[in-house]
1. Just one of G128, G106, G114 is more than 13 Å from the ligand (Cβ to nearest atom), small (G, A, S) and at pLDDT below 95; which is it?
2. Can you name the residue in segment 60-74 that is more than 15 Å from the ligand (Cβ to nearest atom) and of a type in the set (A, V, I, L, M) and, of all such residues, is surrounded by the fewest Cβ atoms within 10 Å (Cβ to Cβ)?
3. Among the residues of segment 138-171, count how many are away from the ligand (no atom under 11 Å from the Cβ) and either in a helix (DSSP H, G or I) or surrounded by 14 or more Cβ atoms within 10 Å (Cβ to Cβ) (or both).
4. Scan segment 141-169 and report the pairs whose first residue is free of Cβ contacts under 8 Å to residues at least 12 places away in the same chain and whose second residue is more than 15 Å from the ligand (Cβ to nearest atom) and not aromatic (F, W, Y), with Cβ atoms within less than 7 Å and a gap of 6+ or a chain change.
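The values are calculated or read from the model by the stated rules, or taken from the named source; none is laboratory data. Since this is a predicted model, take the numbers as computed values, not measurements. Every residue, glycine as well, gets a Cβ built from its backbone with ideal geometry; the counts of neighbours run over all protein chains shown.
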Amino acid sequence: MSDILPEAHPLPPTPPIPPGWEAVLVQCVAAVRTRYRLRWNGLHGVGHWARVLENGLRLATATPGIRADVISGFAVLHDSCRHNDLTDPGHGARAAVLVRQLHDEGILPLDADGLALLERACRTHTGGRIPEVPTIMACWDSDRLDLPRISGIEVRVDWLGTLCARDPAFVDAATDRARRRVFPYRHLFDA
Ligand SMILES: [Fe+2]
């Protein structure tokens, strides 16, 4: 009998980063690192951004019309301007300002529609009605699907917008990754 045991709960492969966006995300992370006020590996830090990226790219893969470039930018920027790990209602608006700044500096190669989507997704992601724009809806979903990283918190399916995110199997898989603090795409954040 073999003494090599199968890995417990092997992780499925992560979806690919959109073409050209690995370098973009590395530059965004470097820009954020110089100004981030909280613990880099904290509750709203890089592990969370990485799981939001995986959730979002899975939603983009499964749903026609969702912009994977906007999803990717949202993952690494939406919590980048937090001043605390609690409510901080202004952090989305501050992130939207940073999005515009990074675009103006040539770091975020988004067209006008993509820039508007990313600004709006960041500015509004802290609450309100589920948006009717699929890409923004997926940005919000990708974030909310990682809430179970907080002990005792479950995903609220009625807070999710996309059909794919509402699938119980999708919620279960994201919950498992959140609880296990899985850290995908780590190379983007260690560069
Ligand atoms: Fe978040």
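1. Working: G106 fails: at pLDDT below 95; G114 fails: at pLDDT below 95.
Answer to the check: G128.
2. Residues of segment 60-74 more than 15 Å from the ligand (Cβ to nearest atom): 60-70.
After this cut, where a residue has to be of a type in the set (A, V, I, L, M) as well, the list is 60, 62, 66, 68, 70.
Details: A60: 26, A62: 16, I66: 23, A68: 20, V70: 28.
Checking each candidate, the answer is A62.
3. Residues that pass the stated criteria total 19.
4. If the second residue must be more than 15 Å from the ligand (Cβ to nearest atom) and not aromatic (F, W, Y), the pairs left are R166/V157.
Per-residue answers, yes or no, for (1) surrounded by fewer than 16 Cβ atoms within 10 Å (Cβ to Cβ); (2) away from the ligand (no atom under 16 Å from the Cβ); (3) of a type in the set (A, V, I, L, M, F, W, C):
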position: G20; (1), (2), (3): yes, yes, no
position: V29; (1), (2), (3): no, no, yes
position: R33; (1), (2), (3): yes, yes, no
position: R37; (1), (2), (3): yes, no, no
position: W40; (1), (2), (3): yes, no, yes
position: L43; (1), (2), (3): yes, no, yes
position: V46; (1), (2), (3): no, no, yes
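Here is a yes/no grid of residues against (1) of a type outside the set (K, R); (2) loosely packed, with under 14 Cβ neighbours inside 10 Å; (3) under 17 Å from the mean Cα position of the chain (by Cα):
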{"site": "V76", "(1), (2), (3)": "yes, no, yes"}
{"site": "P89", "(1), (2), (3)": "yes, yes, no"}
{"site": "A96", "(1), (2), (3)": "yes, no, yes"}
{"site": "E119", "(1), (2), (3)": "yes, no, yes"}
{"site": "G127", "(1), (2), (3)": "yes, yes, yes"}
